[in-house]
Amino acid sequence: MLIELWRDESSSPMYAMHMGFGIGALAVPLIVNPFLAVLEYGPVNVSSNDVPLPGGREFIVIKETRVNIAFVTIGLCSATLALPFFLYPLVKSLRRYNDKYSNMDEPEESTVAPVQNGIVKRLLFILNPASYADRNFTFGLTVFVFIIVLYTNIVGGEQLFGKFVRTLSVDELRFARNEASYLDTVYWGSFTIGRLTGSVLAHFISIRKLFLIDLFTNLLAVTFEDIFAARGKQFLWAFTAVVGFFIAPLFRLVSRTLIRIYRLVEWC
């Protein structure tokens, strides 16, 4: 929808849209935290049903978890927000059926048979990597595989870091429950600020320069986090914020790639 509305100027709106992801991830730990179970370490009791831990201790449950309430609430909110995006294609299809709507992806053919043949040809053309690389199949396929591997790593690392940093803070540095939730908030808050910064920089810095700069700074941030984070709480707090900030703008290359693919589909 954004690409259809903004065309070549859609980088900043794409950033703004994906900033909502960071806002949601920032808010969820704060929403879930009051519903989590409260646990304490206690001495081993042979007659107790609590789970024993290595080193002669066990978890004592002070308050049972009610986390299902939090996740049901979040799910209902997400479903409500998603409704307009289900309604949009339905309304669009209805208006196209009644000849009251046309847009960039409307086929130009007017009869049924040419449309069917055109769909097959367009589909084969879109699926062919050579179509995106000046008829060079090997180069197009290589770039396609490279982008998949790169962004599997980037997006997977973004999710993995956001989920693992809490475990590291509790298990290695003995963060309290609330403190660990605030660390999650710092990561996703920095992530959101990074997306906002990227939406501004998208107007002034070319895609090549912005991507290379951000990829290099993100690599440095993750490397320093890996080296220093377990040495103290202050290092973990600082580098978590830095990693969140620099990993967020990397999604711009995906948005630009989507724009170019969409324009090729329009041309087909």
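Answer rounded, prolate or oblate for the stretch 122-184, using the Cα gyration tensor with square roots of eigenvalues a ≥ b ≥ c: rounded when a/c is under 1.5, else prolate when a/b is larger than b/c, else oblate. Show your work: numbers first, answer last.
On the way: a/c = 7.23, a/b = 4.30, b/c = 1.68.
The shape class here is prolate.
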The stretch 150-189 scanned against label point 7 Å out from residue 39 along Cα→C-beta; backbone N under 17 Å for 164-181
So how far apart, in nm, are the two label points at residue 230 and residue 65 if each is 7 Å from Cα heading toward Cβ? 2.5
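May I ask you to compute the full-extension gain from residue 217 to residue 76, defined as 0.36 nm times their residue separation minus their alpha-carbon distance, rounded to one decimal in nm? Could the numbers behind the result be given before it?
Numbers: separation 141, 0.36 × 141 = 50.76 nm, distance 3.76 nm.
The residue 217-residue 76 span can extend by a further 47.0 nm.
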Quick one: grab Rg to one decimal and Dmax as a whole number for the stretch 157-204, Cα atoms only, in Å. 13.5, 43
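Given the Cα-Cα distance of residue 178 and residue 17 and 0.36 nm per residue of separation, how much length would full extension add, in nm?
On the way: separation 161, 0.36 × 161 = 57.96 nm, distance 2.90 nm.
That pair, residue 178 and residue 17, stretches by 55.1 nm at full extension.
Per residue and in cubic angstrom, what volume does the convex hull of the Cα atoms of the stretch 130-240 have?
Values: hull volume 12.9 nm³, N = 111.
Cα convex hull per residue, to the nearest whole number: 117 Å³.
Which of rounded, prolate, oblate describes the stretch 1-43, given a ≥ b ≥ c as roots of the alpha-carbon gyration tensor eigenvalues and a/c under 1.5 marking rounded, otherwise prolate only if a/b is larger than b/c?
Prolate, since a/c reaches 1.5 and a/b exceeds b/c.
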Plugging the Cβ-Cβ distance of residue 133 and residue 153 into 1/(1 + (r/R0)^6) at R0 = 22 Å yields, to the nearest 0.05, a FRET efficiency of 0.50
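Coordinate-derived values only; no laboratory data. Remember, it's a predicted structure, so these values are computed and weren't measured experimentally. Using ideal geometry, Cβ is built from the backbone for each residue, glycine included, and neighbour counts are taken over all protein chains shown.
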